[in-house]
Amino acid sequence: MFGWLRRRFSPDPIDAQTWDAVRVRLPWLAALDDARQARLAALAARFLHEKTITPVGDLTLDATERTLLAAACCLPLLEVGAMGMRGWSQLIVYPDAFRVNRSHEDAEGILHEGDEELIGEAWKNGPLILSLADVLADCADPRDGLCVAVHEMAHKLDALDGELDGTPLLPGPWQRGWARDFQAAYDEFVVQVERDDDTAIDPYAAASPEEFFAVASEYHFSDPQLLREMMPKVAAHLARFYGPSPFDGKPLSNRSSADSDG
Ligand SMILES: [Zn+2]
């Protein structure tokens, strides 16, 4: 009985020419099998329909860039689906890294203020913010452990249960197993970073449990072999949560043509 409603509100599909252009520029998309490419196209179409994409300053975004940003943000939603984009409505896009002036009060009630340069930010109940230059840099070197769009979307998924704590909304028993395994891996990683070990994973992951989840998510998409080697239990949870990494089983030397043709 809701067929008419569904038709009326279903987003326009992305046209084939734009999607082909995105496939050339977004190596994660090119590395997916056909079924998951189609799923990503449907999610990106919904994202474009539901989110306002606001370029900052003089920046203008063409259809390919908008679609590329939508598709990159939807990579972590291949298993979760459209419910993973709930709770916020705006993607703000800076041309490059951006400076923010922040103040926050710590646990002792001391106010800290300062300038920070950011490449992305996710507000708990507000916008997602990305630097276009950094999204494109990730696309140019997709196996180096960085993917800012995935990082910020991991924060959005984390916040869906109302709590930014490194554990997304999951069925009960899985959530308990996730919390246990992530906490153990996080504690171990913090010890390594505090010891000044040369860690294979970005030491920023030691900043907090939620940053640990977001950084590990970047490795799931960009260097799944390394993540599995370093943190097998974390890697297994993420492979279940996000589905197999587009680059899983694809050695670094065997890059797709999409990221070698400039
Ligand atoms: Zn973060």
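The values are calculated or read from the model by the stated rules, or taken from the named source; none is laboratory data. No experiment lies behind these values; they were computed from the predicted model shown. Don't worry about glycine lacking a Cβ; one is built from the backbone with ideal geometry, like all the others, and counts go over all protein chains shown.
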Practice task
With respect to TYR219, determine if the residue is hydroxyl-bearing (Ser, Thr, Tyr), touching a Gly at 6+ places or on another chain (Cβ under 6 Å) and within 19 Å of CYS147 (Cβ to Cβ).
Solution key: yes
Practice task
State which residue pairs qualify: first residue farther than 22 Å from THR60 by Cα and inside segment 111-134, second residue within 12 Å of the ligand (Cβ to nearest atom) in any location, beta carbons under 8 Å apart, and separation of 6 or more residues or different chains.
Solution key: TRP123/ILE129; LYS124/ALA159; LYS124/LEU164; ASN125/ALA159
Practice task
Check segment 143-160 and report whether any residue there is touching a residue at least 24 places away in the same chain (Cβ under 8 Å), outside any helix (DSSP H, G or I), under 23 Å from ARG39 (Cα atoms) and not aliphatic (A, V, I, L, M).
Solution key: yes
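Could you tell me whether any residue of segment 82-92 is within 14 Å of the chain's Cα centre (by Cα), hydrophobic (A, V, I, L, M, F, W, C) and surrounded by 15 or more Cβ atoms within 10 Å (Cβ to Cβ)? Can you show your working first?
Within segment 82-92, the subset within 14 Å of the chain's Cα centre (by Cα) is 84-85, 91.
Now restrict to residues that are hydrophobic (A, V, I, L, M, F, W, C): 85, 91.
Narrowing further to those that are surrounded by 15 or more Cβ atoms within 10 Å (Cβ to Cβ): 85, 91.
Yes; the residues of segment 82-92 include at least one that is within 14 Å of the chain's Cα centre (by Cα), hydrophobic (A, V, I, L, M, F, W, C) and surrounded by 15 or more Cβ atoms within 10 Å (Cβ to Cβ).
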Fill in the blank from the handout: Note on GLU121: of the conditions (1) in contact with a Ser or Thr (Cβ under 9 Å, 6 or more places away or on another chain); (2) within 21 Å of LEU26 (Cα to Cα), unmet is (1)
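Mind counting the residues in segment 105-130 that are surrounded by 10 or more Cβ atoms within 10 Å (Cβ to Cβ) and either at pLDDT below 85 or in a strand (DSSP E or B) (or both)?
Restricting attention to segment 105-130, the residues satisfying the condition of being surrounded by 10 or more Cβ atoms within 10 Å (Cβ to Cβ) are 116-124, 126-130.
With either at pLDDT below 85 or in a strand (DSSP E or B) (or both) added as a condition, the list becomes 116-118, 120-122, 124, 128-130.
Residues meeting the conditions: 10.
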Practice task
Return a yes/no flag: does segment 72-87 have any residue that is away from the ligand (no atom under 16 Å from the Cβ), touching a helix residue (DSSP H, G or I) at 6+ places or on another chain (Cβ under 8 Å) and part of a strand (DSSP E or B).
Solution key: no
Handout entry: Sole residue being modelled with pLDDT of 95 or more and within 17 Å of ASP158 (Cα to Cα), chosen from LEU75, LEU59, LEU48, LEU69
Key = LEU75
Completion exercise
Within segment 95-104, of all residues that are part of a strand (DSSP E or B) and more than 16 Å from the ligand (Cβ to nearest atom), the one modelled with the lowest pLDDT is SER103
Practice task
Considering only segment 192-218, state which residues are over 16 Å from ASP158 (Cβ atoms) and surrounded by 21 or more Cβ atoms within 10 Å (Cβ to Cβ).
Solution key: ILE201
Handout entry: Output for segment 194-233, where each listed residue is among the β-branched types (Val, Ile, Thr) and within 16 Å of the ligand (Cβ to nearest atom)
Key = ILE201, VAL215
Completion exercise
Note on segment 175-191: residues surrounded by fewer than 18 Cβ atoms within 10 Å (Cβ to Cβ), over 20 Å from the mean Cα position of the chain (by Cα) and in contact (Cβ under 8 Å) with a residue 12 or more places away in the chain are GLY177, ASP181, GLN183, ALA184, VAL190
Exercise for the section: Collect the residues in segment 31-71 that are part of a helix (DSSP H, G or I) and of a type in the set (D, E, K, R), keeping them in residue-number order. Expected result: ASP34, ARG36, ARG39, ARG46, GLU50, GLU65, ARG66
Exercise for the section: Would you check if ARG86 is more than 27 Å from LEU226 (Cα to Cα) and modelled with pLDDT under 90? Expected result: no
